[in-house]
Each structure stands twice: as C-alpha cells, then as structure tokens.
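S.K.: Below are the structure tokens for one structure; questions will follow.
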Amino acid sequence: MNQAAGASSSNPDDASLDLSFSEDGRSGTFMIGNESFPASLLDLPTVMESYKTYNDSVLIKTADIGQMIMVREEDDPAPEGIEYTHGLTPPMRDARRRRFRREPDLNVFDAFPLAPHGSTLSIITVIVPFTHVYRQNWFTELKSIS
C-alpha cells in the first residue's frame, strides 16, 4: 500500500483513489491504483478536535472527529465491533477501558432496602422555607407549630 501511494506515475489513471462501502455502511473497499484493500469505518472512543493555522501563532478549530476509516492489508483480521478501543495517539491506548467508568452491576433498590411503614427507624424530613428576615423568637414559634 505504501508503494502504491508513494509511487509517482505519469498516467493519472494509475494513481486513482476510490472508497466504496457496503450496505451496512461500516465495511468497504479502498482502491488505490489497481490494488484494493479492505476498509472499516470505526467510532473513536472520544471526540478529537482538529485545528489549522495560517501564521503559526493563531489556531482555528476546523472539525470534531469522531470516526475513522481503517484500511488494512488483506491478511489482517477485521476489527471486532464498531468502536475502536484505542485513540489516535499513544497516550489514548486502551482509552475506553482506562478512562471511562464501567456500568454498575449494582441495583440500588436491592442494595438499600426501604424500611416498612411504621417501623421505629423511619426518618422524618421537615422542609422549612428560607426567609431573609431574622426572627429572634424562631425557636418558640417552631415549638408552637408542632
């Protein structure tokens, strides 16, 4: 593939590029010149931003990249699933496993059962509206309410 991409040719038909996908939209064929290679469309684990510059000091955001096309040799196995587990740079190796939480296997209702009504462990919550006025006898007013 590197030879076909790097070869200079005087005939423009020899250096033609073509990418076609099957009906599932995830697998396809990449053609460069007369050679064809299998390709797969994969989702990246994170969204990557791309930037460009005109003067080497100001960066302009050009795109958010969330998918990539992986072109491989005929002998290489196809990737499993539709999501690529690694990012595009070495620090993002195995990013899905290392950087994101696993879904909990815990059911909250089973872990913290509610006490039956009328038990001695029932909790009473009192909600009092907040006022900006300071009352000196607030404690006696609260006793008279209850």
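S.K.: Under a Cβ-Cβ cut-off of 12 Å, what is the net charge of the residues other than F30 that fall near it, where Lys and Arg count +1 and Asp and Glu count -1?
M.R.: -3
S.K.: Could I have the simple spin-label model distance between R93 and S57, label points 7 Å from Cα toward Cβ, reported in nm to one decimal?
M.R.: Simple spin-label model gives 3.8 nm for this pair.
S.K.: Rounded to the nearest 0.05, what FRET efficiency do I69 and R102 have when you use their Cβ-Cβ distance and R0 = 35 Å?
M.R.: Approximately 0.75, to the nearest 0.05.
S.K.: Local charge sum around M92 (other residues, Cβ-Cβ under 10 Å, Lys/Arg +1, Asp/Glu -1)?
M.R.: Taking every other residue near M92 into account, the sum is +3.
None of the figures in this text is laboratory data; all of them are computed from the coordinates on show. Keep in mind that this is a model prediction, so the values were computed, not measured. Glycine also receives a Cβ, built like all others from the backbone with ideal geometry; neighbour counts cover every protein chain displayed.
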